[in-house]
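S.K.: Please read through the structure below; I'll follow up with questions.
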Amino acid sequence: MALNGMEIYKMLPKKNCKECGFPTCLAFAMKLAQGGTQAEKCPYMSDDARAKLEEATAPLMKTVKFGTGDRIYSLGGETVLFRHEKTFVNKPRFAVMFDDGMNEDEVTKKINNINSVNYTRISEEMFVEIAAFRCSTGDKQKFISLIKKVVQSCSKVIPMIITEDTEIASAAAEEFSSLGPILYGANEQNYETMVSIAKKYNLLLGVKAPDQANLYDLVQKIQNSGYRELLLDAGGRNLKTAFDDVVNMRRTALLSQDRTFGYPSVAFVCDMTKDKMMEVAMATLFVEKYASIIVLNDMDYSMALPLFALRQNIYTDPQRPMRIEQGIYRIGQADEKSPLLVTVDFALTYFIVSGEVERSKVPAWILIPDAGGYSVLTAWASGKFNAKSIAKAIKDFEVEGKLKTRELIIPGKVAVLKSDIEDELSGWKVIVGTREAAALPAFLKDYLQERAS
Amino acid sequence: MPYKKPSQKFGGKIREVTIGSGLKLGGESTLPFYSFDGDTGAKPAIGMEIWDIFPESWPQSLKNIFGEYAHDPVKWAKYCIEKSNPDFICIKLEGASPEGNNKSPEECAAVVKRLADEITLPLVIAGCDSDEKNASVFTKVAEAVPDKNYVFLSAVEANYKEVGAAAGMAYGNIVSAESSVDLNLAKQLNILITQLGVKPERMVMNPGCSAVGYGFEYVVTTMDRIRLAALDQNDVTLQMPIISPVSFETWKVKESAATENDMPEWGNQEARGIAMEVATAAGVLATGSNAVILRHPRSVEVIRNFIEELTA
Ligand code: B12
Ligand code: SF4
């Protein structure tokens, strides 16, 4: 439980010596309660008091890690229930479920899907981060060889070992310890052994109980045994209960300020439905609220495109919208006669537009004026993307000196700007482009042909 | 120390609004689907989008499903009802667009009147992309279908006076107030419309929508904030149910519109379109929408199951 200022004050030496940088012990206590300073700043505190305070002023939700090398992922560490209050920090990671009872074809299909879903969206590389392995046959060799096969075929995935059998858990943890796997399956009966395995290899430990109350007791026991690298599962295997679980565990940590549930949680969407589109709907809910690992049956492009995009949206910092630098950007081997397009400095828009220009294989220039960091219509509606700002960019970036072309392609959504821009920029002709950037490749080819004839 | 399950009790409540002859929206005093906290109100409703003209611009997969019926909005609506049993039909008067068919308000009114005579489900009537044209269209349409509790999508800052006066006051229908992803704009427009004389129980709102991946974080955050203001701060000016025209946004983005020839590695185009629609719908429902508008029968089925499971 978090301590308030008065409770902290009672634990201080009350010398009012100012060595902590605060005028009085009370002032120090108040600041500490808000998380504005650290307990160690007071040199006169007893060790016991310091330990208690450090515990009480630690983040409400722990940040835990798994993985290896450049694929070490952080989970948890969230401080708010809604992204407008501050920001969400550690995005959820997607897992695809394998079962050692599955046939070869199924395994191969999932491996192929995992390997094909790998692309970049607004400078972020999108791929499945975790392969989850459930041991349902009880056959240790079979289980380990399945994991081996998948991690060898899918170079990016980190394994999540799912078993409640401590002997199998121990063997699998040892075999794959260098990958920093997640070990999932600590329960009421086996937790002491599971904790010792997790401790030995320093693994993130998935803890499972039939419901929130039982999980709460179990987590306390595990914490008492000194292990805190945990991932929580309160057992919900239908959408309603699982949603109740993730919301209330998060609220216990952040609203009740009870660190027993101050760990990230996992949602086994794969156990809640076999319908792929329903998985998409459920995973959407859990990205918004509040799962840190979302386990799916499979991942193909139809699932990935919405889910990774959503995750990217929800986990951008609301205080720092993604903006790109103004200027003139060269795509491909553009020369002074290549087509010139203009768009805005909102990163999302720029990356979509430049991606489509690249896909068209037509070398081109993209001009980015100061548009306030907004999308095309937002910038236009707020008066930031108009004839003046575009003309200014043409001058500032010395386009007339660099290029011979005097034609400017504008986004179709702001076709109304055509005559304004032509008035503002003498000698220039404005071409109205398509409304959606996806139609740009066809448009650019037609445009080049027309210009040639 | 035993576990004490947390709970958030709010003083505010979303107003319950009845559309058509008995479809209830809103009424909740909790965050969306937080049945563990209290009364989650009416189940969110699902509507299907049809047009008054043939939807030439829709992806082929949708035209394969509806093409046979889509030359006649009444046939189209009946097909949707028979096949997917939605809670309401959204007729988008795309044909009114001054840049397109430029149909007259009278023609539009006749289409809606026919639908009203032929189907019993509530209608949500959406306009074209011209606010000015919508003002005259909505006025005529509202007059043609008086006292039906049909929803007019939407009144915006530029035309709320005409739309509010006709749909919300003179002819006994419901006004949807549409603003651009901003709590204060939503609040301001709701206030202006009520000051005009429209009763709050004859209003719903659309505080902005987009497809996942396309500025969707702003939509989520705006809706989170609107819902918290309505429930936690009991802000009566924001207690209207929210309706989200999901399909208007999701079918034009590249993930749905690119053919398999355009993007071979992306695979089946129809599946991509459904997944974008499903994710966007689930995404807005999870942050407070009381009704979503969809196109694909499969999306309707999935979102219905999603709602059923969360409200069971
Ligand atoms: C997110 C959002 C915001 C965010 C801004 C996010 C940002 N950084 O831009 C916030 C909440 C801040 C916002 C604010 C406002 N917004 Co706003 N917003 C949106 C929303 C929901 C999504 C925009 C988005 O991200 N689109 C995705 C990007 C990728 O689209 P895009 O930039 O247009 O790019 C596409 C195409 O244009 C094309 N393209 C782009 N460049 C080029 C170039 C060429 C050459 C070609 C051919 C094609 C091309 O390719 C892209 C993909 O196809 C839209 C509604 C919607 N669903 O679209 C409203 C919307 C754009 N906003 C709108 C408005 C009015 C505003 C405000 C002015 C409201 C106000 N009065 O305060 C403010 C302005 C900001 C301010 N206060 O100064 C209106 C604009 C109405 C209009 N038709 O003019 C919209 C359409 C909402 C609505 N229906 O009312 N908004
Ligand atoms: S250093 Fe410690 S004892 Fe001295 S004023 Fe600060 S809190 Fe009090």
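The values are calculated or read from the model by the stated rules, or taken from the named source; none is laboratory data. Keep in mind that this is a model prediction, so the values were computed, not measured. Backbone-built Cβ (ideal geometry, glycine too); neighbour counts: all protein chains shown. Surface areas here come from the heavy atoms of the whole protein model, side chains and all, with no ligands, DNA or RNA. Shrake-Rupley method; radii C 1.70, N 1.55, O 1.52, S 1.80 Å.
S.K.: For the protein assembly as shown, what is the convex hull volume of the alpha-carbon atoms per residue, in Å³?
M.R.: Expressed per residue, the convex hull around the Cα atoms of the protein assembly as shown is 187 Å³.
S.K.: Using a 1.4 Å probe on the protein heavy atoms, what percent of the accessible area of region B:115-234 belongs to carbon and sulfur?
M.R.: For region B:115-234, the apolar C and S fraction of the accessible surface comes to 45 percent.
S.K.: Same structure, new question: What are the aspartates and glutamates whose alpha-carbon lies under 16 Å from the alpha-carbon of A:LYS221, with same-chain residues fewer than 8 places away excluded?
M.R.: Partners within reach: A:GLU188, A:GLU192, A:ASP211, A:GLU229, A:ASP233, A:ASP258.
S.K.: How would you classify region A:327-452 from its alpha-carbon gyration tensor, with a ≥ b ≥ c the square roots of the eigenvalues: rounded for a/c under 1.5, else prolate if a/b is greater than b/c, otherwise oblate?
M.R.: Since a/c stays below 1.5, the shape of region A:327-452 is classed as rounded.
S.K.: With each pseudo-label sitting 7 Å past Cα toward Cβ, what's the B:ASP117-A:GLU192 distance in nm, one decimal?
M.R.: Using points 7 Å along Cα→Cβ, the separation is 8.2 nm.
S.K.: If you don't mind, another one. Given the protein assembly as shown, what percent of its DSSP beta bridges are antiparallel, to the nearest 5?
M.R.: 25 percent
S.K.: With an 8 Å cut-off on Cα pairs and a minimum separation of 6 or more residues, tell me the relative contact order of chain A in percent.
M.R.: 12 percent
S.K.: Next question. Using 30 Å as the Cα-Cα cut-off, could you pick out the over-long pairs in A:LYS274/B:LYS148; A:LYS62/A:LYS156; A:LYS52/B:LYS9; B:LYS24/B:LYS103; B:LYS9/B:LYS161?
M.R.: The pairs that break the limit, which is 30 Å between Cα atoms, are A:LYS274/B:LYS148; A:LYS52/B:LYS9; B:LYS24/B:LYS103; B:LYS9/B:LYS161.
S.K.: Still on this model: Considering protein heavy atoms only and a 1.4 Å probe radius, which residues within region A:297-314 exhibit an accessible-area decrease of no less than 40 Å² in the full assembly relative to the chain by itself?
M.R.: A:TYR301, A:SER302, A:LEU305, A:PRO306, A:ASN313
S.K.: Set Lys and Arg Cβ to +1 and Asp and Glu Cβ to -1, take the dipole of region A:308-352 about its Cα centre, and tell me which of A:LEU341, A:GLN319, A:PHE351 lies farthest positive.
M.R.: A:GLN319
S.K.: So for region B:17-311: antiparallel DSSP bridges make up what percent, rounded to the nearest 5?
M.R.: 10 percent
S.K.: Which order do A:MET102, B:MET1, B:MET276 take when ranked by solvent-accessible area (1.4 Å probe, heavy atoms of all protein chains), largest first?
M.R.: Largest accessible area first, the list is B:MET1, A:MET102, B:MET276.
S.K.: Counting helices only, and only those DSSP H runs with n ≥ 4, report the 222 nm mean residue ellipticity of chain B as the sum of -39,500 (n - 2.57) divided by its residues, in deg cm²/dmol to the nearest 500.
M.R.: -12000 deg cm²/dmol
S.K.: Let me ask something else. Calculate how many DSSP beta bridges within chain A are antiparallel, expressed in % of all such bridges and rounded to the nearest 5.
M.R.: 30 percent
S.K.: Below 8 Å between Cα atoms, with a sequence gap of 6+, how large is the relative contact order for region A:385-450 in percent?
M.R.: The normalised contact order for region A:385-450 reaches 31 percent.
S.K.: For B:207-220, what's the mean count of beta carbons from other chains sitting within 10 Å of each residue's beta carbon?
M.R.: Partner Cβ neighbours, averaged per residue: 6.
S.K.: While we're looking at this one, here's another question. Check which residues have an amide H placed less than 5 Å from B:ILE53's amide H, if you skip close sequence neighbours.
M.R.: B:GLU94, B:GLY95
S.K.: Right, something else. What's the magnitude of the charge dipole for region A:63-314 around its Cα centre, counting Lys and Arg as +1 and Asp and Glu as -1 at the beta-carbon? Answer in Debye, nearest 20.
M.R.: 640 debye
S.K.: Okay, moving on. Within a 10 angstrom radius of each residue's Cβ in B:296-307, how many Cβ atoms of other chains show up on average? Whole number is fine.
M.R.: 3
S.K.: Suppose the chain between A:GLN141 and A:ARG435 were pulled fully straight at 0.36 nm per residue; how much longer would it get relative to their current alpha carbon spacing?
M.R.: Gain on extension, A:GLN141 to A:ARG435, equals 100.2 nm.
S.K.: Using the Cα atoms of chain A to build a convex hull, what is its mean projected area in square nanometres?
M.R.: That works out to 27.7 nm², a quarter of the Cα hull's surface.
S.K.: How would you classify region B:242-312 from its alpha-carbon gyration tensor, with a ≥ b ≥ c the square roots of the eigenvalues: rounded for a/c under 1.5, else prolate if a/b is greater than b/c, otherwise oblate?
M.R.: Taking the square roots of the gyration eigenvalues as a ≥ b ≥ c, region B:242-312 is prolate.
S.K.: What is the local net charge at A:LEU215, summed over the other residues whose Cβ is closer than 10 Å to its Cβ (Lys, Arg +1; Asp, Glu -1)?
M.R.: Once positives and negatives cancel, what remains is -4.
S.K.: Ignoring ligands, DNA and RNA, what accessible area per residue does the protein assembly as shown give at 1.4 Å, in Å²?
M.R.: 39 Å²
S.K.: Here's another thing I want to ask about it. ³J(HN,Hα) across region A:434-451 via Karplus (A = 6.51, B = -1.76, C = 1.60, θ = phi - 60°), whole Hz, x for Gly/Pro?
M.R.: Result, rounded to whole Hz: 7, 6, 9, 5, 4, 8, 5, x, 5, 4, 5, 5, 4, 4, 5, 4, 4, 5.
S.K.: A follow-up question, please. Shielding by partners for B:250-256, please: the mean number of other protein chain Cβ atoms within 10 Å of each residue's Cβ.
M.R.: Average neighbour count from other chains, rounded to a whole number: 4.
S.K.: Follow-up question, since we're still on this one. Which whole-Hz ³J(HN,Hα) couplings does region A:385-391 yield from phi under the Karplus relation 6.51 cos²θ - 1.76 cosθ + 1.60, θ = phi - 60°, glycine and proline marked x?
M.R.: Once θ is set to phi - 60°, the couplings for region A:385-391 become 10, 8, 4, 5, 5, 6, 4 Hz.
S.K.: Also, quick follow-up: Residues with amide H under 5 Å of A:ILE158's amide H, sequence separation 5 or more or different chain, H placed in the peptide plane at 1.01 Å from N; which?
M.R.: Residues meeting the criterion, in which the H sits 1.01 Å from N, are A:ILE130, A:ALA131.
S.K.: Using only alpha carbons, build the gyration tensor for region A:5-57 and give me the equivalent ellipsoid semi-axes, biggest first, whole Å.
M.R.: One finds semi-axes of 14, 12, 10 Å for region A:5-57.
S.K.: Moving on. Which whole-Hz ³J(HN,Hα) couplings does region B:260-276 yield from phi under the Karplus relation 6.51 cos²θ - 1.76 cosθ + 1.60, θ = phi - 60°, glycine and proline marked x?
M.R.: 5, 5, 4, 10, x, 5, 7, x, 2, 5, 4, 4, 5, x, 5, 4, 5
S.K.: So, one more: Rounded to the nearest 100 Å², what is the buried accessible area between A and B, both sides summed, probe 1.4 Å?
M.R.: That pair hides around 4500 Å² of surface in total.
S.K.: Would you please give the residues with an amide H less than 5 Å from that of B:ILE293, counting only those at least 5 places away or on a separate chain, with H modeled from the backbone geometry?
M.R.: Sorted by chain and number, the residues that satisfy this are B:GLY47, B:SER244, B:VAL246, B:SER247.
S.K.: Moving on to the next point. Students often check this: by mean Cβ neighbours within 10 Å, which of A:434-446, B:157-169 ranks highest, and how do the rest follow?
M.R.: Peptide ranking by packing, descending: B:157-169, A:434-446.
S.K.: Let me ask something else about it. Would you work out what percent of the accessible area of region A:5-57, with all protein chains in place, is carbon or sulfur (probe 1.4 Å)?
M.R.: Exposed carbon and sulfur together represent 50 percent of the surface.
S.K.: Next question. What are the equivalent ellipsoid semi-axes of region A:63-314, built from the alpha-carbon gyration tensor (square roots of five times its eigenvalues), in whole angstrom, biggest first?
M.R.: Equivalent-ellipsoid dimensions as semi-axes: 25, 24, 16 Å.
S.K.: By what distance, in whole Å, do the Cα atoms of chain B stretch along each of the three principal axes, largest value first?
M.R.: Cα spread of chain B along its principal axes, largest to smallest: 65, 52, 32 Å.
S.K.: Between A:SER178 and A:GLN38, take the C-beta separation as r, use R0 = 35 Å, and let me know the FRET efficiency to the nearest 0.05.
M.R.: After rounding to 0.05, the efficiency reads 0.50.
S.K.: Restricting to Cα pairs below 8 Å that are 6+ residues apart, what does the relative contact order work out to for chain B? Please round to a whole percent.
M.R.: After rounding, I find 20 percent.
S.K.: Please determine, in degrees from 0 to 90 and to the nearest 10, the orientation of helix A:166-176 with respect to the longest principal axis defined by the Cα atoms of chain A, where the helix direction is its Cα long axis.
M.R.: 40 degrees
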